[in-house]
Structure formats: C-alpha cells, structure tokens
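Have a look at the structure below before the remarks.
Values in this text are rule-based calculations from the coordinates and carry no lab data. Everything quoted here is computed from the prediction, not taken from an experiment. Every residue, glycine as well, gets a Cβ built from its backbone with ideal geometry; the counts of neighbours run over all protein chains shown.
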Amino acid sequence: MENGFYTLQEFMTFTKGVTYVIMVISLFVITGFWLFLTGRDEDSQPNEPGGTEHHHQGGGHV
Amino acid sequence: MSGKNTFTSRSLLTPFNLVAGLILIVGAVITVLRFTRGLAGVTHLSNDNPWGLWIGFDLLCGVALAAGGYVTSAAVYIFGMKRYHSAVRPAILTGFLGYAMVVLALNYDVGRPWRLPYPFVVQQGTTSLLFEVGACVALYLTVLFIEFTPAALEWLGLKRARNLVTRLTILLTIFGVVLSTLHQSSLGALYLIAPSKLHPLWYSSYLPVYFFVSSIVAGLSMVLFESTLAHHYFGDKMDEKHLRENTDVTLGFAKAASLTLAGYFTIKVIGIAMDNNWRYLATGYGLWFLVELLGFVALPCFLYAVGVRDKNIRLIRWTAVLTVLGIILNRLNVSLIAFNWRLPSSERYFPSWMEIMISVFVVTIGILVYRFVVTRMPVLYEHTDYPSSH
Amino acid sequence: MSLTRRKFLGWMGAAGAGAVIGKNAAASTTEHFKGYPNSFAILHDITLCVGCRSCEAACNKVNELPPPDRPFTDLSVLDEKRRTTAKAYTVVNRFKNRKVPQQPVFVKKQCNHCLEPACASACFVRALRKTPEGPVVYDPSVCVGCRYCMVACPFDIPAYEYDNALSPKIMKCTMCYPRILKGRLPGCVEACPREALTFGKRSDVLEIARQRIRENPGRYVNHIYGETEMGGTSWLYISGVPYKETGMREDLGVTPAPELTSGALSVVPMVVGLWPVLLTGIYAITQRKEKVSAEEKAAAVAEAVEKSEAQACHVLSEALDKAHKDALKEKEAAVHQAVKKALAEAAGSKAEEAAH
C-alpha cells in the first residue's frame with residue numbers, strides 16, 4: 001500500500017471505495033444545495049420546517 | 001394464506017385459496033429441505049452451473065418486472081403526467097412486493113443468507129457489480145416501502161405521519177429513479193465478467209444499457225398487465241377516477257412502450273454490429289436470438305403501435321403479455337440458456353421441480369400479500385379523506 | 001483485517017487520502033499494473049506429466065480433504081474428463097495426442113491463481129484476494145455463498161459445497177499458501193515424481209519456460225500458457241500439443257478481469273452525480289410549464305370575467321337608462337294626466353258653478 005498499488009484489482013477496490021463514499025455524501029450535499037439554491041425563490045412554496053426537498057408535488061395539485 | 005379476506009359472503013374454500021394453500025404447504029416442505037439438506041438436496045445446481053432458476057427468474061426477471069414502480073412514479077411526479085396518477089399506487093405496491101419477493105428468493109439461493117448484510121457492514125467488495133446491485137436493491141426496497149406507506153397510513157388513519165411522508169414524494173421519486181437506473185443496468189453488467197461463458201450474441205459491453213432500457217419496457221408492460229388483472233379481479237375496488245384514467249394510462253403507456261422497444265431494437269442491432277457477430281446469426285443460437293429479437297421485441301413494438309393508433313385496448317393488453325414474456329425470455333437467455341453455451345448438453349442446467357416450486361411459492365406469497373393489501377388499503381381507489389393528493 | 005481497516009479509514013478520510021489517490025489516479029489511465037514483484041508461480045510442463053495422480057493424492061492429504069470415491073492409484077478415473085470439485089482441488093485429465101497417438105497427454109488442472117483474479121473482482125465481500133506471495137486465497141468467515149466467483153472464473157475452478165446446508169464454502173486450490181508462508185513447497189510440487197511441476201519466483205519460472213522452449217525446438221508449442229491469459233496467471237504451462245487439444249481455452253484473451261467491469265463501474269458515480277440534476281431539472285421544467293399554463297388560464301379567466309363584467313355594466317346602464325326614461329315618461333304622463341284631470345275638474349266645477 002505504501003508504495004502504491006501492484007494490481008489493478010487492489011487499485012480499483014480502493015478507488016471505487018472512495019467513489020462510493022463520495023456518492024453517499026453527494027446525495028446529502030446536493031439535496032441541501034438545492035434548498036440553498038431555491039431558498040429565496042419568490043414563487044416557490046414555503047418550505048416546511050425540516051422539509052427535505054423543494055416544493056413537493058402538492059404544488060401542482062392544489 | 002392471507003386468511004380472511006373481505007370478499008364478503010364468500011367461503012374461504014375457493015379454488016384459488018385451495019391451490020394457493022397447497023402451494024404454500026409444498027413450499028414450506030421444500031424450505032425445510034433446503035435448510036437441512038443444502039442446495040444439493042433441492043436444486044440441480046452444479047459447479048459448472050452455479051446460478052440457476054432462482055437467480056435467472058426470481059432475481060433477474062423479478063427485478064425487471066418490478067420496474068413499474070419507478071417508471072410510473074417518474075412519469076407522474078417528474079414528467080408531470082398527472083393523468084396517470086391513479087396508476088402510481090398499484091405500480092408502487094407491485095414494485096415493492098416484487099423486490100420483497102426477490103429478496104425472499106435470495107435467502108434460498110445464497111449459502112448463508114444471514115450474512116447478506118456482510119458486504120456492507122463487514123467488508124466491502126467495491127469492484128464487484130454484485131456489491132452495487134445489493135446496495136441499490138436494499139436501498140430501493142426501503143424507498144419503495146416508504147413510498148407505499150401513505151396508503152397503509154391512510155388505512156390506519158394516521159394522518160400526520162401520512163402527510164409527513166407525502167411531503168417526501170419528489171425526493172423519494174428521484175432517489176428511486178437513480179437507484180433503479182443503477183441496479184437494473186448492473187444486473188446486466190453482472191455478466192460482463194464472463195465473456196468466455198455467455199454466447200457472443202448476448203454478451204456485449206452494452207449489456208447494462210440493454211438491461212436498463214428493457215427494464216423500462218418491462219415496467220410499462222407490467223403496469224398494463226397488472227392493471228388488466230386488477231381490473232378483472234378487483235374491479236369492485238376501483239373508484240371512478242381510477243377507471244376513468246385507466247384508458248388514458250393504457251394508451252399512454254402503450255405508446256411509451258412502443259417507442260422504447262423501437263430504441264431497444266435499434267441498440268440491440270447496433271450491438272451485433274459493434275462486435276461483428278453477424279456470422280453467429282446463421283447458427284442455432286442465432287436463430288434463437290432472432291426469435292427473441294423479432295418475436296419478442298420487434299413484434300410487440302409494432303403491435304403496441306397498432307393498438308395505440310386504433311385505440312385497441314384489447315390488443316394493447318395482449319401485447320403487454322407478449323412483451324413481459326419477451327423480457328423473461330431475455331433474462332433467461334442471458335442467465336441460463338445462452339450461458340455456458342459451450343458445455344456439452346449433458347452438463348447443462350435444467351431446474352429441478354423443487355426449484356420451480358420455490359419460485360411458484362414465492363410468487364404465490366406475493367399475490368396473496370397483494371390481495372391482502374388491495375382489499376384493505378386505498379390502492380385502487382382514493383381514500384375519501386385524502387382526495388386527489390396521494 | 002488490518003489492511004481492511006486501514007483501507008476503510010482511508011475511505012472515511014477521503015480528503016486526507018487525496019494525496020494517495022491523486023498520485024495513483026493520475027497514473028492509472030496509462031499505468032500498467034505488473035502484479036506483485038517477487039510473487040511465486042508454478043510451471044507445469046505438460047510434456048513431462050505421466051498421469052500418475054501423485055499430485056492429487058498429495059493435495060488431498062495436505063488440504064485434509066475427504067477421502068476420494070476411488071483410490072488415487074486407480075488410473076481408470078482418467079477415462080473421463082473431470083473438473084475440480086469441493087473434494088478435489090486438483091485433477092489430472094488425459095487427452096489424445098494427435099502427433100504421437102501412443103503417448104497420451106496428461107494435464108493437471110487446478111486454480112491458476114490469476115494475477116488479476118476474476119473471482120476476487122466479482123466477490124462483493126472480498127472473501128477472495130490475491131496475496132503478494134502469489135496465491136489467490138479465500139476467507140470463509142465472510143463468504144455469503146452467492147457463487148458469483150464461480151460464474152466469473154474463466155477457468156471453471158471454484159467449487160461449492162452444495163450438500164452443506166448451513167455453512168457451505170467455496171473450495172479451491174490455495175497454492176498451499178500456509179506452506180508457502182512457512183517456506184515449504186506446495187504439496188503437489190513436492191509430490192511430483194517427474195518434476196513436471198516447477199515452483200519459484202514468477203519471473204524466474206517464466207525464464208525457465210522460455211529456456212525450455214528455446215533449447216528444445218520441436219518439443220514445445222511456442223507459447224507459455226498463463227503468461228498473458230486473462231492478464232497473466234501464477235500457474236504457467238508449456239505443452240507439446242496445441243493447448244486447445246488439452247482442454248485449455250485459447251480464446252480467453254489477455255484482458256485482466258477487473259477491466260471487463262471497470263467501464264460499467266465507472267458509469268455508476270456518473271449516474272449518481274448527474275441523474276438527480278437531470279431529473280430535478282425536468283421536474284422544474286414541468287412545474288414551470290404548469291405554472292405558466294395556470295397563469296395563462298388565470299389570465300384568460302380574468303379577461304373573460306372583465307369582458308362579461310363590462311358587458312353586464314353596459315346592460316345594466318342601458319336598463320337603468322331605460323328605467324330612468326320610463327320613469328320620466330311615466331312622471332310626465334302622470335303630471336300630464338294630473339294636469340288634465342285638474343283642468344277637467346276645474347272646468348267641471350266651473351260648469352257646475354255656471355249651472356247654479
């Protein structure tokens with residue numbers, strides 16, 4: 001490990017592992033970022049406290 | 001058995017219940033055999049054929065045919081096809097039950113089912129596509145469960161919890177589509193590691209794309225097929241809105257399925273060209289490949305189109321059956337029929353009757369749970385307290 | 001497990017591990033992983049094998065496998081083609097020799113211990129791994145029993161304990177990893193009476209193989225099986241007859257197994273990263289369309305209301321006007337009549353007065 005990787009298998013195990021961690025983190029971060037992005041939209045539905053995603057489908061149904 | 005059902009003034013001893021009961025008893029016996037004698041006692045699996053019917057049918061077909069959940073919820077909530085709203089809950093229910101059945105069947109197939117969480121909690125084999133499939137199926141099963149809870153919560157009268165969950169609809173839908181894209185395609189990608197065993201006509205670096213695109217077709221066709229069955233057996237449970245929207249759903253989904261099948265056909269042909277596999281078409285396997293491609297992809301594509309043009313609901317429903325059979329045929333071809341094609345016929349795999357029985361057993365459990373749910377919860381109709389918002 | 005934990009911690013501190021990733025990822029596209037240096041390999045010289053099954057017997061003993069159905073001295077088992085099983089990590093098969101028919105060819109079959117093992121690539125719990133010493137080893141303590149390794153293996157080697165109900169294991173040759181660690185030869189190599197098996201550093205063993213081919217022209221096919229097959233293996237073969245006539249596949253290619261799936265795996269994070277963006281975008285467009293159409297609808301309704309209101313106003317004012325006029329007329333008429341009446345009355349009273 002200290003000298004890098006000797007096999008493709010070892011290399012991929014490591015890089016895919018890091019990628020999986022990034023994927024999980026990104027799912028949370030992107031959701032949060034969307035809230036930040038649309039937080040001041042005038043026409044958006046007021047987000048419920050603790051609501052996860054932007055205006056839910058209720059918007060279209062009222 | 002789902003026990004008492006709300007088919008009022010009907011005896012429990014219906015032919016359906018008798019057959020289902022018999023299947024459950026036989027299934028229970030085989031279950032005991034499986035966990036006392038091992039796979040050798042109940043299956044025809046061998047060292048050359050490590051994956052049999054339980055993977056080829058229960059896993060591959062089960063997951064593909066449960067695609068209706070993500071396809072329908074994406075169509076309605078993301079693409080804004082509100083006219084199909086009444087199709088969402090039945091599709092999510094069958095999707096959830098489909099995945100639950102897949103996981104149930106896996107418990108029979110793997111050697112030590114209680115270790116199924118090991119890849120996630122003990123040691124992560126991140127280079128394996130099975131790791132990806134496992135992670136996505138586990139997460140998606142959870143997503144489908146949450147997506148379905150509003151119906152159960154309405155039934156139980158838990159208004160606040162139900163409203164909390166419906167607020168997550170879009171998030172869950174997007175999450176569901178991401179997860180479905182990943183594991184539907186990864187099921188095909190499972191076979192990428194074995195180019196030396198799968199027949200070249202079915203092996204392609206496009207396998208994941210084929211599996212994903214055909215899962216959309218499978219999802220649409222299963223919604224059509226299930227709605228036909230539900231109509232027939234649970235028509236009394238459907239409200240006017242559901243019945244009214246049903247024609248719309250049928251025509252719209254048939255159109256989408258026809259178009260997707262056309263795309264699927266195109267990329268399948270491109271796959272042959274990319275690997276220059278034309279010469280195999282003149283062989284026995286080539287003929288079988290053409291049966292699948294022309295009879296179960298091109299033909300349903302055309303029949304759906306005719307059905308849509310003529311507004312022929314009957315034709316569309318039969319085409320849905322044909323398409324579903326085509327998807328099953330494709331998954332069995334990849335996993336069993338064209339797999340290990342080089343082995344002499346004496347070493348090829350054919351499922352034992354007990355393997356088939358377990359598959360039937362698992363499907364029966366699914367049907368019984370479906371019946372239990374739709375006869376009680378607001379799936380095929382809207383709950384009077386929550387109009388037009390599920 | 002310590003390696004595992006370190007790797008796991010590595011994931012957790014992805015940012016901290018950035019230096020390591022960066023260094024290797026930058027090189028990954030062009031870097032050719034050559035495998036562990038100083039790893040061991042075994043050369044099987046097929047021309048020397050006489051099919052005595054001594055290796056099978058030794059393997060059985062060293063690995064404490066169950067006794068065979070027929071004793072290892074019984075050479076009639078060679079009449080049929082066999083494969084490795086849960087009870088036999090290695091088997092010897094006999095093949096016809098087309099060049100010299102009276103001299104059949106014997107080939108030993110066992111795990112080839114790939115440099116980039118397909119089984120390890122396929123295992124979702126890393127129960128199989130390539131050791132720096134060469135052997136591909138299996139850890140039954142984490143194995144779930146999914147048998148994907150058996151699907152993946154291009155040489156059809158891993159076997160499974162199908163008759164074990166609750167704790168089935170994958171069974172395959174370990175290249176006698178425990179013995180190698182102790183500095184001893186693998187059981188089969190030690191037992192071979194004909195020195196058809198040669199153990200050593202892979203680089204050295206490869207050199208021996210090349211030398212034999214070079215020094216004995218005509219005796220060997222000019223190809224070392226396992227040098228490049230599936231990215232190379234730690235069992236190498238040299239043969240006097242074409243390999244495909246000895247039940248060995250020549251169509252496996254040189255692509256290491258992990259590379260077969262790396263394309264599909266690399267799409268996964270792209271889907272996770274971009275699908276939510278795409279889907280949310282489509283959702284936003286749908287919502288926007290709906291909003292616009294709702295606004296248009298509202299505007300149309302408002303306009304219609306305005307129009308009808310104006311019309312109503314007009315009608316009303318006309319009606320009022322008319323009513324006003326009517327009222328005036330009525331008033332006039334009434335006044336007129338009243339005046340008339342008054343006049344008539346006055347005239348009447350005048351006439352009455354005149355009559356009196």
- Among the residues of the stretch C:49-69, which ones are assigned to a helix (DSSP H, G or I) and surrounded by fewer than 17 Cβ atoms within 10 Å (Cβ to Cβ)? C:Lys61
- Query: Limited to the stretch B:234-248, what total is found for residues that are touching a residue at least 12 places away in the same chain (Cβ under 8 Å) and surrounded by 14 or more Cβ atoms within 10 Å (Cβ to Cβ)?
  - Reply: 9
- Item | Condition broken by B:Thr384, with the remaining ones in (1) more than 23 Å from the chain's Cα centre (by Cα); (2) crowded, with 22+ Cβ neighbours inside 10 Å satisfied | (2)
- Could you run through the stretch C:144-163 and say how many residues are buried (at least 22 other Cβ atoms within 10 Å of the Cβ), more than 7 Å from chain B (Cβ to nearest Cβ) and not in a helix (DSSP H, G or I)? 4
- Note on the structure: When B:Phe361 is run through (1) under 28 Å from B:Leu192 (Cβ atoms); (2) buried (at least 20 other Cβ atoms within 10 Å of the Cβ); (3) of a type in the set (Phe, Trp, Tyr), the failure sits at (1)
- Can you work out which of the residues in the stretch C:256-272 that are free of Cβ contacts under 8 Å to residues at least 24 places away in the same chain and of a type in the set (S, T, N, Q) is farthest from the other protein chains (Cβ to nearest Cβ)? C:Ser266
- Condition test on B:Gly125, is it small (Gly, Ala, Ser) and either in contact with a Gly (Cβ under 6 Å, 6 or more places away or on another chain) or in a helix (DSSP H, G or I) (or both)? no
- Item | Hits in the stretch B:175-212 - residues which are touching a strand residue (DSSP E or B) at 6+ places or on another chain (Cβ under 7 Å) and surrounded by fewer than 22 Cβ atoms within 10 Å (Cβ to Cβ) | B:Lys197
- Would you please name the residue that is nearest to B:Val178 (Cα to Cα), looking only at residues in the stretch B:138-150 that are surrounded by 24 or more Cβ atoms within 10 Å (Cβ to Cβ) and of a type outside the set (Phe, Trp, Tyr)? B:Val143
- Message: If I ask for residues that are facing chain C (nearest Cβ under 7 Å) and touching a His at 6+ places or on another chain (Cβ under 8 Å), which ones from the stretch B:87-125 would you list?
- Response: none
- Tally of residues being facing chain B (nearest Cβ under 8 Å) and either without any contact (Cβ under 8 Å) to a residue 40 or more places away in the chain or among the polar types (S, T, N, Q) (or both) across the stretch C:241-255: 2
- Examine the stretch B:223-238 for a residue that is touching an Asp or Glu at 6+ places or on another chain (Cβ under 7 Å) and more than 10 Å from chain C (Cβ to nearest Cβ), and state whether such a residue exists. no
- Query: What is the number of the single condition among (1) without any contact (Cβ under 8 Å) to a residue 60 or more places away in the chain; (2) among the basic types (Lys, Arg); (3) under 30 Å from B:Thr169 (Cβ atoms) that B:Arg83 does not meet?
  - Reply: (1)
- Number of the condition not met by B:Tyr84 [criteria: (1) under 23 Å from B:Cys61 (Cβ atoms); (2) more than 9 Å from chain C (Cβ to nearest Cβ)]: (1)
- Query: Pick from B:Gly307, B:Gly284: which is farther than 16 Å from B:Ala218 by Cβ and surrounded by 16 or more Cβ atoms within 10 Å (Cβ to Cβ)?
  - Reply: B:Gly307
- Could you tell me whether any residue of the stretch B:192-203 is away from chain C (no Cβ under 11 Å), hydrophobic (A, V, I, L, M, F, W, C), in contact (Cβ under 8 Å) with a residue 24 or more places away in the chain and not in a loop (DSSP other than H, G, I, E, B)? no
- If we ask which residues in the stretch C:249-276 are closer than 30 Å to B:Thr173 by Cβ, hydrophobic (A, V, I, L, M, F, W, C) and exposed (fewer than 15 other Cβ atoms within 10 Å of the Cβ), their number turns out to be 2
- Options C:Val77, C:Val144; residue that is over 34 Å from the mean Cα position of the chain (by Cα) and β-branched (Val, Ile, Thr): C:Val77
- Query: Looking at (1) of a type outside the set (D, E, K, R); (2) within 14 Å of chain C (Cβ to nearest Cβ); (3) in a helix (DSSP H, G or I), which is the only condition B:Thr149 fails?
  - Reply: (2)
- Task: Hey, can you tell me all the residues within the stretch C:178-203 that are part of a helix (DSSP H, G or I) and either surrounded by 15 or more Cβ atoms within 10 Å (Cβ to Cβ) or out of contact with any strand residue (DSSP E or B) (no Cβ under 9 Å at 6 or more places or on another chain) (or both)?
- Result: C:Pro178, C:Arg179, C:Ile180, C:Leu181, C:Gly187, C:Cys188, C:Val189, C:Glu190, C:Ala191, C:Arg202
- Message: Which numbered condition in (1) among the hydrophobic types (A, V, I, L, M, F, W, C); (2) crowded, with 21+ Cβ neighbours inside 10 Å; (3) closer than 28 Å to B:Phe361 by Cα; (4) within 13 Å of chain C (Cβ to nearest Cβ) is the only one that B:Leu172 fails?
- Response: (3)
